[in-house]
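What follows is a single structure, written as structure tokens, with notes after it.
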Amino acid sequence: MVTKKHILQWLENTANAMEDNRQYLTKLDTAIGDADHGNNMHRGFKKVKEQLPAFKGKDIGAILKAVAMTLISTVGGASGPLYGTMFMHAGNKMAGKEELTPKEMGELLAAGLEGVKMRGKASVGEKTIVDALEPAVEAYNQSLGNGSDFQQAMNRAVAACEKGAEETIPMIAKKGRASYLGERSKGHQDPGATSVSFIIKSLNDACLN
Ligand SMILES: Nc1ncnc2c1ncn2[C@@H]1O[C@H](COP(=O)(O)OP(=O)(O)O)[C@@H](O)[C@H]1O
Ligand SMILES: [Mg+2]
């Protein structure tokens, strides 16, 4: 079972990952964007981390929705509304829940992906968050469907997410600021695909204990 404690740990781990990788994400966004993705993500999740004590009395759905509101108001850029919608959809799906079964975790992840796709209209191959998140969600749910336990399915999700982020390197960006570069966006890993891989890795790390 994934409990509220795991969810709060996930958010804290994510905030720490964004702090540790702030310069790295900004470096990726310097190559194909405007050099702010690391700062955007760090600013947003730093605020989330500050709010964690106030989230303790909320159910999982309400926590995720509160995260969404914070990200929408603090991250900025293209990624703020996208990650905001991801957490909002996940929160709506998990409304009222105090803990999650492995199957419900799959629904949380699928709802988050659906939120990103609804907001950004991107599909796999366009060098965005979707290139890492979609394979992660598919790997998780397929693995669970094939009889894997929660931890195995999470490990598959992390591996698929990191692979998806790496696979954005040869892609030509079709969405967002990087798309202005056309062919010149080739040869660089997408910042958003990379930040979502930190989010999924942070979830796995939180659920390990
Ligand atoms: N339509 C979209 N769908 C999914 N992800 C997107 C979309 N547009 C941009 N992104 C993601 O947002 C990232 C850039 O975020 P950020 O630098 O914070 O915003 P901005 O591009 O406004 O400066 C990109 O690397 C990409 O992964
Ligand atoms: Mg940017």
note = The alpha-carbon pair-distance distribution computed for segment 62-167, with 5 angstrom bins and whole-percent values, is 3, 15, 20, 22, 22, 14, 4, 1
key: Residue-averaged 222 nm ellipticity for the chain, from DSSP H runs of 4+ at -39500 (n - 2.57), nearest 500   = -23000 deg cm²/dmol
query = Exposure proxy check: Asp149, Asp36 ranked by fewest other beta carbons within 10 Å?
reply = Asp149, Asp36
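Nothing charged except the Cβ atoms of Lys and Arg (+1) and of Asp and Glu (-1): what's the magnitude of the dipole of the chain about its Cα centre? Round to the nearest 20 debye.
Working: 26 positive and 24 negative charges, 100 e Å.
Its charge dipole is roughly 480 debye.
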ask   = Hey, fewest Cβ within 10 Å first, where do His6, His37 land in order?
value = His6, His37
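Could you sort 120-126, 24-30 so that the peptide with the highest average Cβ count within 10 Å comes first and the rest follow in order? Don't skip to the end; give the middle numbers.
Details: 120-126: 16.7, 24-30: 20.6.
The packing order, highest mean first, is 24-30, 120-126.
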remark   = In whole percent, the Cα-Cα distances of segment 2-207 spread across 5 Å bins from 0 upward as 1, 9, 16, 22, 22, 16, 9, 4, 1, 0
remark   = Counting sequence-distant residues (5 or more places) and residues on other chains, those with an amide H built under 5 Å from that of Gly33 are none
key: Selection from Met154, Val124, Ile60 lying farthest towards where the dipole of segment 2-207 points positive, charges on Cβ   = Ile60
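List the relative contact order of segment 2-207 as a percent without decimals, with contacts defined as Cα pairs under 8 Å and 6+ residues apart.
Working: 376 pairs, mean separation 49.6, N = 206.
Across segment 2-207, relative contact order equals 24 percent.
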ask   = Between segment 1-60 and segment 107-131, how many Å separate their Cα centres?
value = 18 Å
inquiry  = What distance in nm separates the two pseudo spin-label positions at Thr3 and Ala35, each 7 Å out from Cα along the beta-carbon direction?
reply    = 4.6 nm
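Every number here is computed from the coordinates shown, using simple stated rules; none is lab data. Since the structure is predicted, the reported quantities are computational estimates derived from the model, not experimental observations. Neighbour counts run over all protein chains shown; Cβ positions are idealised from the backbone, glycine included.
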